[in-house]
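The values are calculated or read from the model by the stated rules, or taken from the named source; none is laboratory data. Computed from a predicted structure; not experimentally measured. A quick note on method: Cβ atoms are made from the backbone with ideal geometry, for glycine too, and the neighbour counts reach across all protein chains shown. These area figures cover heavy atoms from the full protein model, side chains too; ligands, DNA and RNA do not enter into them. Shrake-Rupley method; radii C 1.70, N 1.55, O 1.52, S 1.80 Å.
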Amino acid sequence: MLQVNHLCTSFFTDKGEVRAVDDVSLEVPAGKIVGIVGESGCGKSMTARSVMGLVRAPGKIKSGEILLDGRDIVRLSEHERCAIRGSEISMIFQEPMTSLNPVVRVGHQVEEALLLHEHVKKQEAEARAVEIFEAVGIPDAKKRLRSYPHQLSGGLRQRVLIAMAMICRPKLLIADEPTTALDVTVEAQILRLMKKLCGSGTSILLISHNLGVIAQVCDYVYVMYAGRIVEQADTFTLFDNPCHPYTKGLLDSVSSLRSGAQVLDTIPGVVPNLLHLPAGCSFSMRCGCCMEKCADLLPELHETEPGHRVRCHLFDKEEPA
Ligand SMILES: Nc1ncnc2c1ncn2[C@@H]1O[C@H](COP(=O)(O)OP(=O)(O)OP(=O)(O)O)[C@@H](O)[C@H]1O
Ligand SMILES: [Mg+2]
């Protein structure tokens, strides 16, 4: 369904080039949920915005292909992109407060996509809006269509955004931290809804920093660090046999919480400034397994077993550690 090949997206700032997405390749098969996980600032949202064609200056897609059903959408005109945005690909944005128009009733905002892309009559649009509101668990759906965003709680607003993204039954839904602002019960409901949606043929690219969310719904996972994919595998393999020290660190911080540890066993340090990345592995400064070559030589994504790739010198084929 979606195939991203060697995508590079950078911001050209006064201080230099910020490589927000650096040589990212990923695949979302039809009817599957694929997760991107990683710490804040590692390029998850920029990868999503690149696929949507919504990278704003000073950002720019420098190179790479984004194939939707085999068609390279990087090379489409803005007019052609507009036609697929909302109907073929849609996105739930990370910032629920800024994605709704405060002075337009939410029902109208949800119906707008249908009126624009499917040219249905107003009455049918309203019926479909009620249906999708019920599906995402908005109580009193008919009445809620007439609400303004400020009259809804944060959780309800987020569900309106999900309804908006789903109403045209897109082939690909990109969900950027769709449940981060919600409590666990609502989160579980939304995740179930995504599963159901994907059962009916929609492919989903789910972005989250929460490994629990990823484990619950994703078929495949990509771990991102400082703009690059550092590990990828099917979900079971990734959780069963994580290889990259960064992935292990992420998992350890979850399991230490589970076992009731008082101190969170997090990874020391912070994500490096993307303006000043080391020539080698960008995780080397924080890595407990750092070797001499790690700071200078960028590791390739090696396949350690079919479908499982790791960007780490520990897995170099010629020189196993
Ligand atoms: N307008 C901008 N100008 C310069 N750099 C930017 C700009 N917007 C984003 N970036 C850079 O792009 C990098 C990736 O940002 P992105 O929003 O994709 O991170 P993220 O993984 O989605 O993080 P979060 O989990 O906080 O949402 C950031 O580290 C930031 O430095
Ligand atoms: Mg983000």
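Computed quantities for the displayed model
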item: Amide H contacts under 5 Å for Asp316, placed H, 5+ residues apart; result: Ala321
item: Carbon and sulfur %, accessible surface of the chain computed with the full protein complex present, 1.4 Å; result: 53 percent
item: Centroid-to-centroid separation of the stretch 130-171 and the stretch 58-87 [C-alpha atoms, Å]; result: 28 Å
item: Area of His6 that stays accessible when all protein chains are in place (1.4 Å probe, Å², to 10); result: 110 Å²
item: Spatial separation of Cα centroids for the stretch 178-199 and the stretch 9-26, in angstrom; result: 31 Å
item: Amide H contacts under 5 Å for Ser147, placed H, 5+ residues apart; result: Val106, Gly107
item: Of Gly16, Gly43, Gly249, the one that fluctuates the most in a GNM where the chain has Cα springs shorter than 10 Å; result: Gly16
item: Computed over the stretch 101-169: relative contact order in percent, which uses C-alpha pairs under 8 Å that are six or more apart; result: 48 percent
item: Choice from Val271, Val74, Val104 showing the highest fluctuation, given a GNM over the chain with Cα pairs closer than 10 Å; result: Val104
item: Per-residue SASA entry for Ser200, accessible area with 1.4 Å probe, Å² rounded to 10; result: 90 Å²
item: All-pairs alpha carbon distance profile, the stretch 101-169, 5 Å steps from 0, percent; result: 3, 20, 35, 25, 13, 3, 0
item: Net charge over other residues, Cβ less than 12 angstrom from the Cβ of Arg19 (K, R count +1; D, E count -1); result: 0
item: Farthest toward positive dipole pole in the chain [+1 Lys/Arg, -1 Asp/Glu at C-beta], among Tyr246, Gly227, Gly199; result: Gly199
item: Relative contact order for the chain, counting Cα pairs under 8 Å that sit 6 or more residues apart, in percent; result: 21 percent
item: For the stretch 61-67, Karplus couplings with θ = phi - 60° (6.51, -1.76, 1.60), whole Hz, Gly/Pro x; result: 6, 7, 7, x, 10, 10, 9
item: Cα-based Rg of the stretch 46-109 normalised by 2.2 N^0.38 Å, two decimals; result: 1.27
item: Lysines with Cα under 22 Å of Lys143, excluding same-chain neighbours fewer than 8 positions away; result: Lys121, Lys122
item: Convex hull (Cα only) mean projected area of the chain, reported in nm² to one decimal; result: 17.9 nm²
item: Within the chain, helix-based [θ] at 222 nm, where runs of 4 or more DSSP H residues each add -39,500 (n - 2.57), nearest 500; result: -9500 deg cm²/dmol
item: Whole-Hz ³J(HN,Hα) from phi, Karplus 6.51 cos²θ - 1.76 cosθ + 1.60, for the stretch 224-240, glycine and proline x; result: 10, 9, 6, x, 10, 6, 9, 7, 8, 5, 6, 4, 4, 4, 4, 7, 7
item: Gaussian network model of the chain, springs between alpha carbon atoms under 10 Å - residue of His79, His308, His244 with greatest fluctuation; result: His79
item: J(HN,Hα) series, the stretch 241-250, from Karplus relation 6.51 cos²θ - 1.76 cosθ + 1.60, nearest Hz, glycine and proline x; result: 9, x, 10, 5, x, 5, 4, 4, x, 4
